[in-house]
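Asker: Pasting a structure here, questions to come.
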């Protein structure tokens, strides 16, 4: 799989990103413009200029490159770990054909990774059945547009927790 890395400054602005990188890859592309807050972001993080544009026809391989740039082991990212388990990608940067600038130029050794937060607001005094009800009703669930569905099964194959099934060529979950 290919990925392209370019300095944001080399592309001349956001309006040229998809044209320039798409032409180099000759594919439909996924793009990350890396200029994010680090630490407990995005709203409360500290601004950190990364100045890189990453593009790939594969969002999975794109995540591996992005994780590597912030010096995070890709396999430690839950979505990448799940892709490795499903044989979508290997999670190894070495397996990606990087085009453009040298990735070592962009790796940030001291990037502050957000600490995972656990929500324990009322767990000590709230009954378990109520916690279960709240979790089940607020947990994200897939929403389908059955009128636009063509029955291709892409959603079923791409669903990491495997909660989407097809019935009569329509997704249910």
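Asker: Could you please find all residues in the stretch 90-106 being modelled with pLDDT under 90 and surrounded by 17 or more Cβ atoms within 10 Å (Cβ to Cβ)?
Answerer: 98, 100, 103, 106
Asker: Residue check: is residue 172 closer than 25 Å to residue 62 by Cβ, touching a strand residue (DSSP E or B) at 6+ places or on another chain (Cβ under 8 Å), surrounded by 10 or more Cβ atoms within 10 Å (Cβ to Cβ) and at pLDDT below 85?
Answerer: Here the answer is no, as residue 172 does not meet what is asked.
Asker: Of the residues 116, 142, only one is loosely packed, with under 10 Cβ neighbours inside 10 Å, under 18 Å from the mean Cα position of the chain (by Cα), modelled with pLDDT under 85 and in a loop (DSSP other than H, G, I, E, B); which?
Answerer: Result: 116 is the single residue among 116, 142 that is loosely packed, with under 10 Cβ neighbours inside 10 Å, under 18 Å from the mean Cα position of the chain (by Cα), modelled with pLDDT under 85 and in a loop (DSSP other than H, G, I, E, B).
Asker: Next question. Just checking, how many residues over the stretch 147-169 are assigned to a loop (DSSP other than H, G, I, E, B), modelled with pLDDT under 85 and surrounded by 10 or more Cβ atoms within 10 Å (Cβ to Cβ)?
Answerer: 4
The values are calculated or read from the model by the stated rules, or taken from the named source; none is laboratory data. As the structure is a prediction and not an experimental result, all values here were calculated from the model. Every residue, glycine among them, receives a Cβ derived from its backbone with ideal geometry; neighbour counts consider all protein chains shown.
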